[in-house]
Amino acid sequence: MQYGQMMDQPLLISSLIKHAEQYHGDTEVVSRLSDGSIHRYTWAEAARRARQLANALGTLGLKPGECIGTMAWNTYRHLEAYYAISGLGAICHTVNHRLFPDQVRYIVDHAEDRALLFDADFLPLVERLAPELPHVRTWILLGARAQMPAHSPLANLLCYEDLVASHSDHYAWPQFDERTASGLCYTSGTTGHPKGVLYAHRSTVLHALASSLPDAFDLSAGSCVLPVVPMFHVNGWGLPYSAALNGIKLVLPGNRLDGASIHQLIVEEEVTMATGVPTVWLNLLQHCETNRLRLHGLKRVVVGGSAVPDSMTGHLAEHGVELRQLWGMTEMSPCGTMSAPKFKHRHGGTALMRQLQATQGRPLFGVEMRIVDGAGEPLPHDGVAFGNLQVRGPWVLSRYFKRDLDASHTDDGWFNTGDVAKLDADGYMRITDRTKDVIKSGGEWISSIELENILMGHPAVAETAAVAAPHPKWDERPVMVVVLKQGTQATRDELLQFFQGKVAKWWIPDDVLFVDELPHTATGKLQKLKLREMLRDHRWPNDQ
Ligand code: ADP
(Lines give C-alpha, C1' and ligand atoms only; values in the text may rest on other atoms or scores of the structure.)
Protein backbone atom coordinates (compact mmCIF):
# COMPACT_ATOMS: atom_id res chain seq x y z
CA MET A 1 0.00 0.00 0.00
CA GLN A 2 1.26 3.47 -0.75
CA TYR A 3 -0.03 6.63 0.97
CA GLY A 4 -1.17 9.49 -1.18
CA GLN A 5 1.11 12.49 -1.11
CA MET A 6 -1.29 15.19 -0.09
CA MET A 7 -1.02 17.42 2.98
CA ASP A 8 -2.45 15.87 6.09
CA GLN A 9 -4.13 18.93 7.57
CA PRO A 10 -6.58 18.28 10.40
CA LEU A 11 -10.19 19.38 9.82
CA LEU A 12 -10.63 21.85 12.68
CA ILE A 13 -13.51 24.15 13.56
CA SER A 14 -11.09 27.08 13.93
CA SER A 15 -10.34 26.81 10.20
CA LEU A 16 -13.97 27.80 9.49
CA ILE A 17 -13.83 31.11 11.36
CA LYS A 18 -10.35 31.83 9.98
CA HIS A 19 -11.72 31.40 6.47
CA ALA A 20 -14.74 33.60 7.17
CA GLU A 21 -12.50 36.32 8.62
CA GLN A 22 -10.07 36.31 5.74
CA TYR A 23 -12.42 36.03 2.76
CA HIS A 24 -15.79 37.21 4.06
CA GLY A 25 -14.58 39.66 6.68
CA ASP A 26 -17.09 42.36 5.74
CA THR A 27 -20.11 40.04 5.51
CA GLU A 28 -22.66 40.77 8.22
CA VAL A 29 -23.76 38.77 11.22
CA VAL A 30 -27.01 40.26 12.53
CA SER A 31 -28.54 39.40 15.90
CA ARG A 32 -31.79 40.25 17.63
CA LEU A 33 -31.08 40.86 21.30
CA SER A 34 -33.41 40.13 24.20
CA ASP A 35 -34.52 43.78 24.45
CA GLY A 36 -35.61 43.62 20.82
CA SER A 37 -32.78 45.76 19.45
CA ILE A 38 -30.69 44.66 16.48
CA HIS A 39 -26.95 44.12 16.78
CA ARG A 40 -24.87 44.17 13.62
CA TYR A 41 -21.25 43.34 12.99
CA THR A 42 -19.12 41.30 10.61
CA TRP A 43 -17.41 37.93 10.43
CA ALA A 44 -14.09 39.77 10.95
CA GLU A 45 -15.34 41.13 14.27
CA ALA A 46 -16.80 37.76 15.25
CA ALA A 47 -13.41 36.14 14.63
CA ARG A 48 -11.54 38.85 16.53
CA ARG A 49 -13.81 38.59 19.56
CA ALA A 50 -13.69 34.77 19.47
CA ARG A 51 -9.88 35.03 19.80
CA GLN A 52 -10.24 37.46 22.70
CA LEU A 53 -12.64 35.06 24.38
CA ALA A 54 -10.29 32.11 23.81
CA ASN A 55 -7.54 34.10 25.55
CA ALA A 56 -9.93 34.96 28.39
CA LEU A 57 -11.03 31.36 28.90
CA GLY A 58 -7.38 30.31 29.00
CA THR A 59 -6.61 32.96 31.64
CA LEU A 60 -9.49 31.61 33.72
CA GLY A 61 -7.72 28.27 33.77
CA LEU A 62 -10.07 26.46 31.40
CA LYS A 63 -8.24 23.75 29.52
CA PRO A 64 -8.49 21.73 26.31
CA GLY A 65 -10.60 18.63 26.85
CA GLU A 66 -12.81 20.27 29.48
CA CYS A 67 -16.51 20.93 28.92
CA ILE A 68 -17.72 24.52 28.95
CA GLY A 69 -21.47 25.01 28.96
CA THR A 70 -23.51 27.63 27.13
CA MET A 71 -27.12 28.47 27.89
CA ALA A 72 -28.01 31.02 25.28
CA TRP A 73 -30.25 32.09 22.44
CA ASN A 74 -29.02 32.47 18.87
CA THR A 75 -26.96 35.65 19.07
CA TYR A 76 -23.47 36.84 18.14
CA ARG A 77 -22.13 36.18 21.64
CA HIS A 78 -23.21 32.56 21.48
CA LEU A 79 -21.55 32.32 18.06
CA GLU A 80 -18.29 33.65 19.52
CA ALA A 81 -18.51 31.12 22.35
CA TYR A 82 -18.99 28.29 19.83
CA TYR A 83 -15.73 29.19 18.08
CA ALA A 84 -13.66 30.18 21.12
CA ILE A 85 -14.47 27.06 23.15
CA SER A 86 -14.03 24.47 20.39
CA GLY A 87 -11.19 26.40 18.80
CA LEU A 88 -9.05 26.23 21.92
CA GLY A 89 -9.64 22.47 22.16
CA ALA A 90 -12.33 22.51 24.86
CA ILE A 91 -15.84 21.07 24.39
CA CYS A 92 -18.74 23.43 23.74
CA HIS A 93 -21.68 21.97 25.63
CA THR A 94 -24.84 23.70 24.45
CA VAL A 95 -27.39 23.36 27.25
CA ASN A 96 -31.07 23.28 26.32
CA HIS A 97 -32.68 25.55 28.94
CA ARG A 98 -36.15 24.37 27.92
CA LEU A 99 -35.58 21.00 29.55
CA PHE A 100 -37.02 20.49 33.01
CA PRO A 101 -34.78 22.22 35.58
CA ASP A 102 -33.78 18.85 37.00
CA GLN A 103 -32.71 17.68 33.54
CA VAL A 104 -30.68 20.88 33.07
CA ARG A 105 -29.00 20.23 36.39
CA TYR A 106 -28.38 16.62 35.35
CA ILE A 107 -26.71 17.42 32.05
CA VAL A 108 -24.49 20.25 33.36
CA ASP A 109 -23.39 17.95 36.14
CA HIS A 110 -23.02 14.87 33.92
CA ALA A 111 -20.88 16.80 31.45
CA GLU A 112 -18.84 18.21 34.35
CA ASP A 113 -18.99 21.67 32.82
CA ARG A 114 -16.20 23.81 34.32
CA ALA A 115 -17.74 27.11 33.30
CA LEU A 116 -21.18 28.21 32.17
CA LEU A 117 -21.79 31.11 29.78
CA PHE A 118 -25.42 32.19 29.91
CA ASP A 119 -27.77 34.90 28.68
CA ALA A 120 -29.16 37.32 31.27
CA ASP A 121 -32.63 35.76 30.70
CA PHE A 122 -31.41 32.61 32.43
CA LEU A 123 -29.89 34.21 35.52
CA PRO A 124 -32.76 33.10 37.82
CA LEU A 125 -32.52 29.49 36.57
CA VAL A 126 -28.73 29.44 36.90
CA GLU A 127 -28.84 30.93 40.39
CA ARG A 128 -31.39 28.32 41.43
CA LEU A 129 -29.35 25.39 40.09
CA ALA A 130 -25.87 26.61 41.01
CA PRO A 131 -25.71 25.05 44.52
CA GLU A 132 -26.17 21.63 42.89
CA LEU A 133 -23.50 22.14 40.24
CA PRO A 134 -20.21 21.57 42.04
CA HIS A 135 -18.08 21.25 38.89
CA VAL A 136 -18.83 24.75 37.61
CA ARG A 137 -16.13 27.13 38.83
CA THR A 138 -16.89 30.16 36.68
CA TRP A 139 -20.18 31.80 35.71
CA ILE A 140 -20.13 34.20 32.78
CA LEU A 141 -23.14 36.38 32.00
CA LEU A 142 -23.31 36.98 28.24
CA GLY A 143 -23.87 40.70 28.44
CA ALA A 144 -22.47 44.13 29.21
CA ARG A 145 -21.72 45.62 32.64
CA ALA A 146 -25.14 47.30 32.74
CA GLN A 147 -26.82 43.89 32.61
CA MET A 148 -24.95 42.54 35.62
CA PRO A 149 -27.09 42.03 38.73
CA ALA A 150 -26.27 44.23 41.73
CA HIS A 151 -26.21 41.14 43.94
CA SER A 152 -25.99 37.51 43.02
CA PRO A 153 -25.45 34.35 45.05
CA LEU A 154 -23.12 33.13 42.28
CA ALA A 155 -19.51 33.25 43.42
CA ASN A 156 -17.25 34.16 40.51
CA LEU A 157 -19.91 35.74 38.34
CA LEU A 158 -18.13 37.50 35.47
CA CYS A 159 -19.29 39.96 32.85
CA TYR A 160 -18.75 38.68 29.30
CA GLU A 161 -18.10 42.05 27.70
CA ASP A 162 -15.57 43.03 30.38
CA LEU A 163 -13.85 39.71 29.97
CA VAL A 164 -13.59 40.00 26.18
CA ALA A 165 -12.49 43.64 26.30
CA SER A 166 -9.70 42.93 28.76
CA HIS A 167 -8.01 40.30 26.59
CA SER A 168 -5.85 40.54 23.53
CA ASP A 169 -7.07 39.41 20.12
CA HIS A 170 -3.68 37.88 19.41
CA TYR A 171 -4.30 34.21 19.60
CA ALA A 172 -3.04 31.43 17.35
CA TRP A 173 -5.67 28.71 17.12
CA PRO A 174 -3.93 25.52 18.25
CA GLN A 175 -3.55 22.56 15.88
CA PHE A 176 -4.51 19.13 17.14
CA ASP A 177 -5.98 15.80 16.09
CA GLU A 178 -9.16 16.35 14.08
CA ARG A 179 -10.87 13.56 16.03
CA THR A 180 -10.70 15.68 19.20
CA ALA A 181 -14.10 16.29 20.84
CA SER A 182 -15.52 19.70 19.92
CA GLY A 183 -19.10 19.86 21.13
CA LEU A 184 -21.65 18.11 23.30
CA CYS A 185 -25.40 18.04 22.95
CA TYR A 186 -27.97 16.04 24.90
CA THR A 187 -31.10 14.58 23.35
CA SER A 188 -34.31 15.64 25.08
CA GLY A 189 -35.09 12.06 26.05
CA THR A 190 -38.80 11.50 26.55
CA THR A 191 -38.00 8.88 29.19
CA GLY A 192 -34.98 8.47 31.46
CA HIS A 193 -32.07 10.86 31.59
CA PRO A 194 -31.04 12.81 28.49
CA LYS A 195 -28.17 11.18 26.61
CA GLY A 196 -25.09 13.07 25.46
CA VAL A 197 -23.73 13.09 21.91
CA LEU A 198 -20.08 14.11 21.70
CA TYR A 199 -19.16 15.65 18.35
CA ALA A 200 -15.62 15.84 16.95
CA HIS A 201 -13.91 18.55 14.90
CA ARG A 202 -13.67 16.18 11.95
CA SER A 203 -17.35 15.14 12.08
CA THR A 204 -18.44 18.77 12.45
CA VAL A 205 -16.42 20.06 9.50
CA LEU A 206 -17.44 17.15 7.26
CA HIS A 207 -21.07 17.73 8.23
CA ALA A 208 -20.71 21.44 7.47
CA LEU A 209 -19.31 20.65 4.02
CA ALA A 210 -21.89 18.03 3.10
CA SER A 211 -24.87 19.98 4.43
CA SER A 212 -23.85 23.04 2.38
CA LEU A 213 -24.32 21.24 -0.96
CA PRO A 214 -27.03 22.31 -3.41
CA ASP A 215 -29.18 19.26 -2.67
CA ALA A 216 -28.91 19.99 1.06
CA PHE A 217 -29.09 23.56 2.48
CA ASP A 218 -27.71 24.94 -0.80
CA LEU A 219 -25.50 27.54 0.89
CA SER A 220 -23.25 30.08 -0.76
CA ALA A 221 -21.71 33.48 -0.11
CA GLY A 222 -24.69 34.83 -2.05
CA SER A 223 -27.16 33.72 0.59
CA CYS A 224 -28.56 35.25 3.75
CA VAL A 225 -29.66 32.64 6.26
CA LEU A 226 -31.90 32.81 9.31
CA PRO A 227 -31.49 29.77 11.57
CA VAL A 228 -34.61 29.84 13.71
CA VAL A 229 -33.61 26.43 15.00
CA PRO A 230 -31.85 27.15 18.30
CA MET A 231 -28.11 26.82 18.67
CA PHE A 232 -28.77 24.76 21.81
CA HIS A 233 -30.53 22.16 19.70
CA VAL A 234 -28.08 20.03 17.65
CA ASN A 235 -25.83 23.03 17.03
CA GLY A 236 -28.58 24.89 15.18
CA TRP A 237 -28.44 22.13 12.53
CA GLY A 238 -24.76 22.98 12.05
CA LEU A 239 -25.50 26.40 10.50
CA PRO A 240 -23.14 28.39 12.75
CA TYR A 241 -20.36 26.28 11.18
CA SER A 242 -21.59 26.05 7.58
CA ALA A 243 -22.33 29.79 7.63
CA ALA A 244 -18.64 30.53 8.28
CA LEU A 245 -17.53 27.91 5.77
CA ASN A 246 -19.55 29.64 3.04
CA GLY A 247 -19.27 33.22 4.23
CA ILE A 248 -23.02 33.74 4.28
CA LYS A 249 -24.82 36.64 5.88
CA LEU A 250 -26.13 35.16 9.12
CA VAL A 251 -29.25 36.46 10.87
CA LEU A 252 -29.71 35.27 14.46
CA PRO A 253 -33.21 35.70 15.92
CA GLY A 254 -32.40 35.72 19.66
CA ASN A 255 -35.34 34.84 21.89
CA ARG A 256 -38.10 36.19 19.63
CA LEU A 257 -39.35 33.29 17.55
CA ASP A 258 -42.95 34.45 17.05
CA GLY A 259 -44.42 35.02 13.60
CA ALA A 260 -44.18 38.82 13.70
CA SER A 261 -40.52 38.94 14.76
CA ILE A 262 -39.45 36.29 12.26
CA HIS A 263 -41.37 38.03 9.48
CA GLN A 264 -39.71 41.34 10.27
CA LEU A 265 -36.22 39.81 10.12
CA ILE A 266 -36.96 38.02 6.84
CA VAL A 267 -38.12 41.21 5.17
CA GLU A 268 -35.71 43.75 6.68
CA GLU A 269 -32.56 41.63 6.45
CA GLU A 270 -33.42 40.19 2.99
CA VAL A 271 -33.23 36.61 4.21
CA THR A 272 -33.06 34.06 1.36
CA MET A 273 -33.22 30.86 3.39
CA ALA A 274 -34.50 30.00 6.85
CA THR A 275 -34.50 26.83 8.91
CA GLY A 276 -36.70 25.57 11.74
CA VAL A 277 -39.24 23.08 13.08
CA PRO A 278 -42.77 23.03 11.58
CA THR A 279 -44.42 25.04 14.40
CA VAL A 280 -42.22 28.05 13.56
CA TRP A 281 -43.56 28.13 10.00
CA LEU A 282 -47.13 27.46 11.09
CA ASN A 283 -46.90 30.55 13.32
CA LEU A 284 -45.27 32.61 10.58
CA LEU A 285 -47.86 31.62 7.97
CA GLN A 286 -50.67 32.37 10.38
CA HIS A 287 -49.16 35.80 11.08
CA CYS A 288 -48.93 36.48 7.33
CA GLU A 289 -52.51 35.36 6.78
CA THR A 290 -53.95 37.45 9.60
CA ASN A 291 -52.04 40.58 8.61
CA ARG A 292 -52.08 40.04 4.83
CA LEU A 293 -48.31 40.00 4.60
CA ARG A 294 -45.97 38.49 2.02
CA LEU A 295 -42.60 36.80 2.43
CA HIS A 296 -40.71 38.80 -0.17
CA GLY A 297 -37.23 37.60 -1.03
CA LEU A 298 -37.39 34.36 0.91
CA LYS A 299 -36.61 31.53 -1.52
CA ARG A 300 -36.60 28.48 0.70
CA VAL A 301 -37.32 27.19 4.16
CA VAL A 302 -35.77 23.97 5.38
CA VAL A 303 -38.15 22.26 7.78
CA GLY A 304 -37.43 19.27 9.97
CA GLY A 305 -37.29 17.96 13.48
CA SER A 306 -40.79 16.53 13.31
CA ALA A 307 -43.33 15.58 10.67
CA VAL A 308 -44.09 18.36 8.20
CA PRO A 309 -47.79 18.80 7.31
CA ASP A 310 -48.32 18.55 3.53
CA SER A 311 -50.54 21.64 3.63
CA MET A 312 -47.55 23.76 4.70
CA THR A 313 -45.82 23.14 1.36
CA GLY A 314 -48.72 24.66 -0.56
CA HIS A 315 -49.09 27.63 1.78
CA LEU A 316 -45.41 28.48 1.48
CA ALA A 317 -45.55 28.04 -2.30
CA GLU A 318 -48.26 30.75 -2.40
CA HIS A 319 -45.56 33.08 -1.06
CA GLY A 320 -43.09 31.84 -3.67
CA VAL A 321 -41.17 29.92 -1.00
CA GLU A 322 -39.92 26.39 -1.59
CA LEU A 323 -40.18 23.97 1.33
CA ARG A 324 -37.39 21.46 1.67
CA GLN A 325 -37.65 18.73 4.26
CA LEU A 326 -34.76 17.73 6.41
CA TRP A 327 -34.65 14.61 8.49
CA GLY A 328 -32.01 14.22 11.12
CA MET A 329 -31.25 13.64 14.75
CA THR A 330 -29.02 14.93 17.52
CA GLU A 331 -27.13 11.66 17.04
CA MET A 332 -26.46 12.59 13.38
CA SER A 333 -25.11 16.14 13.81
CA PRO A 334 -28.09 16.31 12.63
CA CYS A 335 -28.43 16.08 8.82
CA GLY A 336 -29.36 12.73 7.32
CA THR A 337 -31.68 13.37 4.39
CA MET A 338 -33.08 16.32 2.42
CA SER A 339 -35.94 16.31 -0.05
CA ALA A 340 -34.32 17.87 -3.15
CA PRO A 341 -35.55 16.72 -6.59
CA LYS A 342 -33.36 15.07 -9.23
CA PHE A 343 -32.78 15.84 -12.90
CA LYS A 344 -35.16 13.07 -13.94
CA HIS A 345 -37.97 14.81 -12.03
CA ARG A 346 -37.69 18.05 -14.01
CA HIS A 347 -40.78 17.55 -16.15
CA GLY A 348 -42.95 16.18 -13.36
CA GLY A 349 -44.58 19.50 -12.53
CA THR A 350 -45.95 20.67 -9.22
CA ALA A 351 -47.66 17.38 -8.38
CA LEU A 352 -44.43 15.38 -8.48
CA MET A 353 -42.54 18.13 -6.67
CA ARG A 354 -45.13 17.99 -3.86
CA GLN A 355 -44.75 14.22 -3.64
CA LEU A 356 -41.00 14.58 -3.20
CA GLN A 357 -41.43 17.37 -0.65
CA ALA A 358 -43.75 15.12 1.34
CA THR A 359 -40.88 12.67 1.82
CA GLN A 360 -38.12 13.24 4.36
CA GLY A 361 -35.73 13.24 1.40
CA ARG A 362 -32.76 11.14 0.36
CA PRO A 363 -29.38 10.66 2.05
CA LEU A 364 -26.60 13.18 1.84
CA PHE A 365 -23.30 11.74 0.68
CA GLY A 366 -21.75 10.27 3.82
CA VAL A 367 -24.95 8.87 5.29
CA GLU A 368 -25.76 5.21 4.68
CA MET A 369 -29.25 3.96 5.50
CA ARG A 370 -31.07 0.66 5.73
CA ILE A 371 -34.35 -0.61 7.11
CA VAL A 372 -34.61 -3.88 9.00
CA ASP A 373 -37.44 -6.05 10.31
CA GLY A 374 -37.99 -7.06 13.94
CA ALA A 375 -35.31 -9.77 13.65
CA GLY A 376 -32.75 -7.28 12.28
CA GLU A 377 -32.99 -8.62 8.71
CA PRO A 378 -32.58 -5.96 6.00
CA LEU A 379 -35.76 -5.10 4.07
CA PRO A 380 -35.97 -4.02 0.41
CA HIS A 381 -35.76 -0.35 -0.57
CA ASP A 382 -38.91 -0.55 -2.68
CA GLY A 383 -40.97 2.27 -1.23
CA VAL A 384 -43.42 -0.28 0.22
CA ALA A 385 -41.70 -2.28 2.96
CA PHE A 386 -41.24 -0.41 6.21
CA GLY A 387 -39.06 -1.24 9.16
CA ASN A 388 -36.63 0.07 11.75
CA LEU A 389 -34.31 2.65 10.27
CA GLN A 390 -30.57 2.26 10.84
CA VAL A 391 -27.79 4.60 9.74
CA ARG A 392 -24.04 4.92 9.72
CA GLY A 393 -21.55 7.53 8.61
CA PRO A 394 -18.73 9.84 9.70
CA TRP A 395 -21.08 12.25 11.53
CA VAL A 396 -23.23 9.58 13.19
CA LEU A 397 -22.50 8.87 16.86
CA SER A 398 -20.52 5.74 17.71
CA ARG A 399 -21.71 5.62 21.36
CA TYR A 400 -23.41 7.90 23.87
CA PHE A 401 -21.23 10.10 26.09
CA LYS A 402 -20.03 8.29 29.21
CA ARG A 403 -22.22 5.27 28.48
CA ASP A 404 -21.50 1.72 27.44
CA LEU A 405 -22.47 0.51 24.00
CA ASP A 406 -26.08 -0.67 24.12
CA ALA A 407 -28.95 -1.72 21.87
CA SER A 408 -28.77 1.65 20.08
CA HIS A 409 -25.94 0.15 18.05
CA THR A 410 -25.96 -3.14 16.18
CA ASP A 411 -23.10 -5.62 16.32
CA ASP A 412 -22.22 -4.75 12.72
CA GLY A 413 -21.82 -1.05 13.47
CA TRP A 414 -25.14 0.59 12.57
CA PHE A 415 -27.05 3.08 14.73
CA ASN A 416 -30.72 2.36 15.48
CA THR A 417 -32.54 5.63 14.90
CA GLY A 418 -35.77 4.67 16.69
CA ASP A 419 -37.69 5.71 13.57
CA VAL A 420 -39.80 3.45 11.39
CA ALA A 421 -39.47 4.25 7.70
CA LYS A 422 -39.86 3.24 4.05
CA LEU A 423 -37.06 3.83 1.54
CA ASP A 424 -37.43 3.79 -2.23
CA ALA A 425 -34.76 2.81 -4.74
CA ASP A 426 -33.45 6.43 -4.95
CA GLY A 427 -33.24 6.60 -1.16
CA TYR A 428 -36.27 8.92 -0.72
CA MET A 429 -37.50 8.13 2.73
CA ARG A 430 -40.89 8.28 4.39
CA ILE A 431 -40.89 8.17 8.14
CA THR A 432 -44.04 6.41 9.19
CA ASP A 433 -43.45 6.89 12.91
CA ARG A 434 -41.14 6.88 15.84
CA THR A 435 -40.98 3.32 17.13
CA LYS A 436 -42.59 4.45 20.36
CA ASP A 437 -45.42 6.44 18.74
CA VAL A 438 -46.62 3.84 16.26
CA ILE A 439 -50.25 2.75 16.88
CA LYS A 440 -50.55 -1.03 17.12
CA SER A 441 -54.04 -2.08 16.19
CA GLY A 442 -54.97 -5.77 15.91
CA GLY A 443 -51.31 -6.71 15.43
CA GLU A 444 -50.83 -4.23 12.55
CA TRP A 445 -49.17 -0.82 12.61
CA ILE A 446 -50.90 2.46 11.90
CA SER A 447 -48.76 5.50 11.10
CA SER A 448 -49.60 8.36 13.45
CA ILE A 449 -47.70 10.77 11.18
CA GLU A 450 -49.88 9.90 8.18
CA LEU A 451 -53.09 10.43 10.14
CA GLU A 452 -51.84 13.79 11.42
CA ASN A 453 -50.85 14.83 7.93
CA ILE A 454 -54.31 14.11 6.57
CA LEU A 455 -56.18 15.96 9.29
CA MET A 456 -53.86 18.97 9.03
CA GLY A 457 -55.38 19.38 5.56
CA HIS A 458 -58.78 20.17 7.15
CA PRO A 459 -59.37 23.93 7.08
CA ALA A 460 -60.47 24.14 10.74
CA VAL A 461 -57.52 22.25 12.21
CA ALA A 462 -54.62 24.26 13.64
CA GLU A 463 -52.68 21.35 15.12
CA THR A 464 -53.33 17.69 15.77
CA ALA A 465 -51.75 14.56 17.21
CA ALA A 466 -52.71 10.97 16.47
CA VAL A 467 -52.35 9.04 19.68
CA ALA A 468 -52.71 5.37 20.57
CA ALA A 469 -55.36 4.75 23.20
CA PRO A 470 -55.69 1.32 24.80
CA HIS A 471 -58.61 -0.62 23.35
CA PRO A 472 -60.20 -3.79 24.78
CA LYS A 473 -60.57 -5.52 21.42
CA TRP A 474 -57.84 -4.09 19.17
CA ASP A 475 -55.10 -3.48 21.73
CA GLU A 476 -54.74 0.14 20.58
CA ARG A 477 -56.83 2.42 18.39
CA PRO A 478 -56.02 5.91 17.08
CA VAL A 479 -57.58 8.99 18.66
CA MET A 480 -57.04 12.43 17.13
CA VAL A 481 -56.34 15.15 19.68
CA VAL A 482 -57.19 18.41 17.93
CA VAL A 483 -56.67 22.14 18.40
CA LEU A 484 -59.06 24.09 16.19
CA LYS A 485 -58.09 27.35 14.49
CA GLN A 486 -59.46 30.40 16.23
CA GLY A 487 -62.93 31.32 15.03
CA THR A 488 -63.59 27.96 13.32
CA GLN A 489 -65.79 25.05 14.25
CA ALA A 490 -65.84 21.35 13.42
CA THR A 491 -67.53 18.32 14.92
CA ARG A 492 -66.05 14.96 15.83
CA ASP A 493 -68.00 13.18 13.05
CA GLU A 494 -67.03 15.76 10.46
CA LEU A 495 -63.33 15.31 11.25
CA LEU A 496 -63.56 11.52 11.21
CA GLN A 497 -65.44 11.69 7.91
CA PHE A 498 -62.49 13.66 6.51
CA PHE A 499 -60.39 10.45 6.56
CA GLN A 500 -62.81 8.53 4.32
CA GLY A 501 -61.12 7.44 1.11
CA LYS A 502 -57.73 8.76 2.21
CA VAL A 503 -56.57 5.73 4.22
CA ALA A 504 -57.53 2.08 4.65
CA LYS A 505 -60.81 1.79 6.58
CA TRP A 506 -59.21 0.24 9.65
CA TRP A 507 -56.77 3.17 9.86
CA ILE A 508 -59.60 5.67 10.32
CA PRO A 509 -59.37 6.98 13.90
CA ASP A 510 -62.13 6.06 16.32
CA ASP A 511 -62.45 9.28 18.20
CA VAL A 512 -61.57 12.97 18.36
CA LEU A 513 -60.70 14.95 21.44
CA PHE A 514 -60.75 18.74 21.28
CA VAL A 515 -58.19 20.62 23.39
CA ASP A 516 -57.00 24.24 23.63
CA GLU A 517 -53.36 23.38 23.37
CA LEU A 518 -51.11 20.39 22.67
CA PRO A 519 -48.10 19.65 24.88
CA HIS A 520 -44.70 20.15 23.21
CA THR A 521 -41.25 18.93 24.16
CA ALA A 522 -38.33 21.22 24.87
CA THR A 523 -37.58 21.22 21.14
CA GLY A 524 -41.09 22.04 20.01
CA LYS A 525 -42.18 18.49 19.16
CA LEU A 526 -45.49 16.98 20.12
CA GLN A 527 -45.20 15.30 23.47
CA LYS A 528 -46.94 12.05 22.62
CA LEU A 529 -46.06 10.37 25.89
CA LYS A 530 -48.11 12.93 27.81
CA LEU A 531 -51.01 12.49 25.43
CA ARG A 532 -50.82 8.72 25.71
CA GLU A 533 -51.05 9.06 29.46
CA MET A 534 -54.00 11.41 29.08
CA LEU A 535 -55.79 8.78 26.98
CA ARG A 536 -54.92 5.80 29.18
CA ASP A 537 -58.48 5.49 30.45
CA HIS A 538 -60.17 6.76 27.32
CA ARG A 539 -63.91 5.97 27.19
CA TRP A 540 -64.79 4.82 23.71
CA PRO A 541 -67.97 6.17 22.17
CA ASN A 542 -70.82 3.70 21.52
CA ASP A 543 -69.17 1.01 23.66
CA GLN A 544 -67.03 -0.20 20.78
P1 ADP B 1 -34.99 15.10 20.46
O2 ADP B 1 -36.22 15.84 20.05
O3 ADP B 1 -35.26 13.67 20.90
O4 ADP B 1 -34.01 15.85 21.25
P5 ADP B 1 -33.88 15.08 17.79
O6 ADP B 1 -34.07 16.47 17.44
O7 ADP B 1 -32.58 14.47 17.59
O8 ADP B 1 -34.19 14.84 19.22
O9 ADP B 1 -35.04 14.25 17.12
C10 ADP B 1 -34.84 13.40 16.08
C11 ADP B 1 -36.14 12.80 15.64
O12 ADP B 1 -37.03 13.79 15.14
C13 ADP B 1 -35.99 11.81 14.51
O14 ADP B 1 -35.58 10.56 14.96
C15 ADP B 1 -37.39 11.80 13.93
O16 ADP B 1 -38.25 10.94 14.64
C17 ADP B 1 -37.86 13.20 14.13
N18 ADP B 1 -37.72 13.95 12.88
C19 ADP B 1 -36.71 14.74 12.51
N20 ADP B 1 -36.94 15.26 11.29
C21 ADP B 1 -38.13 14.79 10.88
C22 ADP B 1 -38.93 14.95 9.69
N23 ADP B 1 -38.55 15.74 8.68
N24 ADP B 1 -40.10 14.27 9.63
C25 ADP B 1 -40.51 13.47 10.63
N26 ADP B 1 -39.81 13.28 11.76
C27 ADP B 1 -38.63 13.94 11.89
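Overview of values
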| item | result |
| --- | --- |
| Verdict on K344 being at pLDDT 95 or above and touching a Lys or Arg at 6+ places or on another chain (Cβ under 8 Å) | no |
| Every residue from region 373-397 that is closer than 30 Å to R179 by Cα and either more than 26 Å from the chain's Cα centre (by Cα) or more than 16 Å from the ligand (Cβ to nearest atom) (or both) | P394 |
| Test: residue in region 316-333 that is buried (at least 24 other Cβ atoms within 10 Å of the Cβ), within 21 Å of I17 (Cβ to Cβ) and under 20 Å from the mean Cα position of the chain (by Cα) | yes |
| Of all residues making up region 511-520, the number that are farther than 12 Å from A465 by Cβ and in a loop (DSSP other than H, G, I, E, B) | 1 |
| Enumerated helices (runs of 4 or more DSSP H) restricted to region 44-148, each holding at least 2 residues that are closer than 26 Å to V205 by Cα | 76-87, 101-111 |
| All positions within region 298-310 that are part of a loop (DSSP other than H, G, I, E, B), of a type outside the set (G, A, S) and surrounded by 16 or more Cβ atoms within 10 Å (Cβ to Cβ) | L298, V308, P309 |
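Each row is one residue, and each column tells you yes or no for (1) in contact (Cβ under 8 Å) with a residue 40 or more places away in the chain; (2) polar (S, T, N, Q); (3) within 18 Å of Q175 (Cα to Cα).
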{"position": "G4", "(1), (2), (3)": "no, no, no"}
{"position": "Q9", "(1), (2), (3)": "no, yes, yes"}
{"position": "I17", "(1), (2), (3)": "yes, no, yes"}
{"position": "E28", "(1), (2), (3)": "yes, no, no"}
{"position": "R49", "(1), (2), (3)": "yes, no, no"}
{"position": "G65", "(1), (2), (3)": "yes, no, yes"}
{"position": "G89", "(1), (2), (3)": "yes, no, yes"}
{"position": "V95", "(1), (2), (3)": "yes, no, no"}
{"position": "R98", "(1), (2), (3)": "yes, no, no"}
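Conditions (1) crowded, with 23+ Cβ neighbours inside 10 Å; (2) more than 13 Å from the ligand (Cβ to nearest atom); (3) in a loop (DSSP other than H, G, I, E, B), marked per residue:
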{"position": "H296", "(1), (2), (3)": "no, yes, yes"}
{"position": "M312", "(1), (2), (3)": "no, no, no"}
{"position": "L352", "(1), (2), (3)": "no, yes, no"}
{"position": "M369", "(1), (2), (3)": "no, no, no"}
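The values are calculated or read from the model by the stated rules, or taken from the named source; none is laboratory data. Fair warning: this is a prediction, and the values are worked out from it, not measured in the lab. With ideal geometry, Cβ positions are generated from the backbone for all residues, glycine too; neighbour counts draw on all protein chains shown.
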